[in-house]
Amino acid sequence: MQFKVYSAEPERKKAKLQRSLQRIVLIVLPGTASLDTSLTIQALKSANAVAGYAAFHWRIATLDGGAVDLEDGFILHPQMAVGEDEAVDLALVFGEWGIDTGRSVEFSNWLKRLDRQGVYIGAIGGACYELANAGLLSGYQCAVPWAYHDSFKELYPTVDIREALFSWDRKRITCTGRAACLDMVLNVIEHQCGTEVAGQVAEAFNYEVRGGASIPLRQRNLTLQKMSGKLAEAVRIMEENIEVLLTAEEIADEIGSSKRQIERLFARHLSCSPKRYYKRLRLKRARSLLRQTALPVSEVAVACGFTSFSYFSRAYRGYFGATPREDRIARVS
């Protein structure tokens, strides 16, 4: 069986081959999932074997050059510390959202220096936060793990978040982590070695590439996919308009329906009114922001469409059983 490999940027096919990505440094931060690093390394090894030559050279780096604890209990021993070697074509940062990485100004400055040298820079999983924090994703498309979309949008509004497994935008390569690492690295292999080699690597992994950046990551509520298209569209509009609320009439107009029809759809399939469902979405978004960011509670309330802080606190407690501040404290402890 032959697996077709799809490029993240089909238009690149007609363009002149860009910078070689032979020399790769994998920067592994504390809390990284071992699956992310192992999939990436094994795919690169397989590419070298299939190609019959050293198409890729890679080194593993940590912030201080010391061993690092991975998310699932493994300990990784690197070959170098960040900044020791700048003979790099592609720098990939591996990490998890919310983990105290001990990131430093020196680390950010090193990434910026690589960027000025024309190095391709990427992030896997929650490490997109590291790049955004260094200002390296502003104005770029970026693939962010679904669970962190809301928080990331709030913290970094200048980043163009894509609902995709991975994104390749100019000299930025990002992916959502886990199995998506294989989609990402297969495109790197295709860039460096061609479609035939990348296809053979995919076959060696018994893996069928899922179409690159064009494949939506977020599947949302699976039950909605079996329901009325009008209902799914109404929910999508609510999800995209959390801070500035729309009325039921405005939502109905957007999807070419009537308020009465929308109300019937919500009652029949979701057992609630559009207004109540909208409120639940906003409260769930608020909880994500409280747990994944350090934004003040008052800013979270505004970001989720609550103009009255007291009403936000009452509504939050009524739904989650604790006030916003209590919930944040409990999560931290």
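The values are calculated or read from the model by the stated rules, or taken from the named source; none is laboratory data. None of the values given here were measured: they were computed from a predicted structure. No Cβ is skipped: glycine too gets one built from the backbone with ideal geometry, and neighbour counts run over all protein chains shown. Ligands, DNA and RNA are stripped out before the accessible areas are found, and what is left, the full protein with its side chains, is counted by its heavy atoms. Shrake-Rupley method; radii C 1.70, N 1.55, O 1.52, S 1.80 Å.
Computed values, structure above
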read-out	value
Arg291 being within 28 Å of the chain's Cα centre (by Cα) and of a type outside the set (A, V, I, L, M, F, W, C)	yes
Subset of the stretch 114-165 [in contact with a Pro (Cβ under 8 Å, 6 or more places away or on another chain) and open to solvent by 20 Å² or more (accessible area, probe 1.4 Å)]	Glu163
Scope the stretch 289-333; condition closer than 26 Å to Tyr156 by Cα, open to solvent by 80 Å² or more (accessible area, probe 1.4 Å) and either of a type in the set (S, T, N, Q) or part of a loop (DSSP other than H, G, I, E, B) (or both); matching residues	Ala294, Thr307
Single residue of the stretch 193-239 satisfying the filter (at pLDDT 65 or above and among the charged types (D, E, K, R)) that is farthest from Leu165 (Cα to Cα)	Lys230
Residue match in the stretch 101-116 (condition: touching a residue at least 60 places away in the same chain (Cβ under 8 Å), touching a Gly at 6+ places or on another chain (Cβ under 9 Å), among the small types (Gly, Ala, Ser) and not in a loop (DSSP other than H, G, I, E, B))	no
Residue that is surrounded by the most Cβ atoms within 10 Å (Cβ to Cβ) [pool: residues in the stretch 189-203 that are part of a helix (DSSP H, G or I) and out of contact with any Ser or Thr (no Cβ under 9 Å at 6 or more places or on another chain)]	Ala198
Filtered residue count, the stretch 68-83, keeping only those that are touching a strand residue (DSSP E or B) at 6+ places or on another chain (Cβ under 7 Å) and open to solvent by less than 50 Å² (accessible area, probe 1.4 Å)	7
Ala286 being crowded, with 19+ Cβ neighbours inside 10 Å and among the small types (Gly, Ala, Ser)	yes
Subset of the stretch 166-176 (residues that are charged (D, E, K, R) and either open to solvent by 10 Å² or more (accessible area, probe 1.4 Å) or under 9 Å from the mean Cα position of the chain (by Cα) (or both))	Asp169, Arg170, Lys171
Extreme residue, farthest from Lys284 (Cα to Cα), among residues of the stretch 142-179 that are of a type in the set (S, T, N, Q) and without any contact (Cβ under 8 Å) to a residue 60 or more places away in the chain	Thr174
Any hit, the stretch 271-280, residues being in a helix (DSSP H, G or I), open to solvent by 10 Å² or more (accessible area, probe 1.4 Å), farther than 19 Å from Glu154 by Cβ and without any contact (Cβ under 8 Å) to a residue 24 or more places away in the chain	yes
For Ala33: the one exception among (1) more than 22 Å from the chain's Cα centre (by Cα); (2) at pLDDT below 95	(1)
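Here's the yes/no breakdown for (1) in contact with a helix residue (DSSP H, G or I) (Cβ under 8 Å, 6 or more places away or on another chain); (2) among the hydroxyl-bearing types (Ser, Thr, Tyr); (3) surrounded by fewer than 13 Cβ atoms within 10 Å (Cβ to Cβ); (4) modelled with pLDDT of 90 or more:
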{"site": "Val5", "(1), (2), (3), (4)": "yes, no, no, no"}
{"site": "Ala8", "(1), (2), (3), (4)": "yes, no, no, no"}
{"site": "Leu29", "(1), (2), (3), (4)": "yes, no, no, yes"}
{"site": "Thr37", "(1), (2), (3), (4)": "no, yes, no, yes"}
{"site": "Lys45", "(1), (2), (3), (4)": "no, no, no, yes"}
{"site": "Asn48", "(1), (2), (3), (4)": "no, no, no, yes"}
{"site": "Phe56", "(1), (2), (3), (4)": "yes, no, no, yes"}
{"site": "Gly66", "(1), (2), (3), (4)": "no, no, yes, yes"}
{"site": "Asp85", "(1), (2), (3), (4)": "no, no, no, no"}
